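First comes the structure, then the notes that go with it.
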Amino acid sequence: GISRNTIREAVRVLVHVGMLETRQGDGTYVRANRDAGETLRRIARSRLAEQIEVRITLETEAARLAARRRNEADLKAMTEALDARAAAGEVITDRIRHDERFHHSLVRASHNSALIELYDYFSHAVSQTIERTEMDSDLPEPSQEAHELLLAAIRRKDADKAEALSRALLTPSLNALSGKE
């Protein structure tokens, strides 16, 4: 009961989003059975504690790799973001924006393209966790000093310290949430 044009258009859309693959003269094949957009919506609906756990997982490895692989351009990007975060003072929207910029710069400094893509994929959830920890007075806010210490460890190429400091940024918020959610 559906026209061929409607089916063709639906297949075209599903090919475009990567769920189907068409092979000329061979047929149409399922490439994925999950919609990336739906995955992102589910992540956005997950509990804040779960989002922070994922962030810790991604950012601690990124910090370890950044300490080993960073270059001068990476250090400059992270430093500029942190300086802007400090300069934002009590202007919370600016502080959040520069905090996001710092964390994205840190992940890029890992020079791991798969990790960078994965982090960018989760960037909306990352933004939500930054906003919630900055705005919720019941959650400990990662301090400027804690961020600066993390950058110093990366600058010194101390991978173990960078990993530990990265984990320490969000662990207090995660611990506070364990009794809330």
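The values are calculated or read from the model by the stated rules, or taken from the named source; none is laboratory data. Note that this is a predicted model, so its numbers are computed, not measured. Note: ideal-geometry Cβ built from the backbone for every residue, glycine included; neighbour counts use all protein chains shown. All accessible areas refer to the heavy atoms of the entire protein, side chains included, with ligands and DNA or RNA removed. Shrake-Rupley method; radii C 1.70, N 1.55, O 1.52, S 1.80 Å.
What's the magnitude of the charge dipole for the chain around its Cα centre, counting Lys and Arg as +1 and Asp and Glu as -1 at the beta-carbon? Answer in Debye, nearest 20.
Details: 28 positive and 30 negative charges, 153 e Å.
Around 740 debye, computed over the chain.
Take the alpha carbon atoms of the range 49-123, find their center, do the same for the range 149-181, and report the distance between the two centers in whole angstrom.
12 Å
What's the Cα-based Rg to Rh of the range 95-181, Rh via Kirkwood?
0.96
If all Cα-Cα distances of the chain are sorted into 5 Å bins from 0 onward, what percent lands in each bin, rounded to whole numbers?
Pair shares across the bins are 1, 8, 14, 17, 16, 12, 8, 6, 6, 5, 4, 2, 0, 0.
State the percentage of accessible surface on the range 110-181 attributable to carbon and sulfur atoms; use a 1.4 Å probe and exclude ligands, DNA and RNA.
That share works out to 51 percent.
In sequence order, what are the phi-derived ³J(HN,Hα) couplings for the range 118-132 according to the Karplus relation 6.51 cos²θ - 1.76 cosθ + 1.60 with θ = phi - 60°, rounded to whole Hz, with x for glycine and proline?
The phi angles translate into 4, 5, 4, 4, 8, 4, 5, 5, 4, 4, 4, 5, 5, 4, 5 Hz.
Which semi-axis lengths, in whole Å and largest first, follow from the square roots of five times the eigenvalues of the Cα gyration tensor of the range 1-104?
Working from the Cα gyration tensor, I get semi-axes of 42, 18, 15 Å.
Sort the following peptides by mean Cβ neighbour count (other Cβ atoms within 10 Å, averaged over residues), highest first: 73-80, 148-155, 99-106. Write out the running numbers ahead of the final one.
Working: 73-80: 16.1, 148-155: 20.4, 99-106: 22.2.
Those peptides, ordered most packed to least, come out 99-106, 148-155, 73-80.
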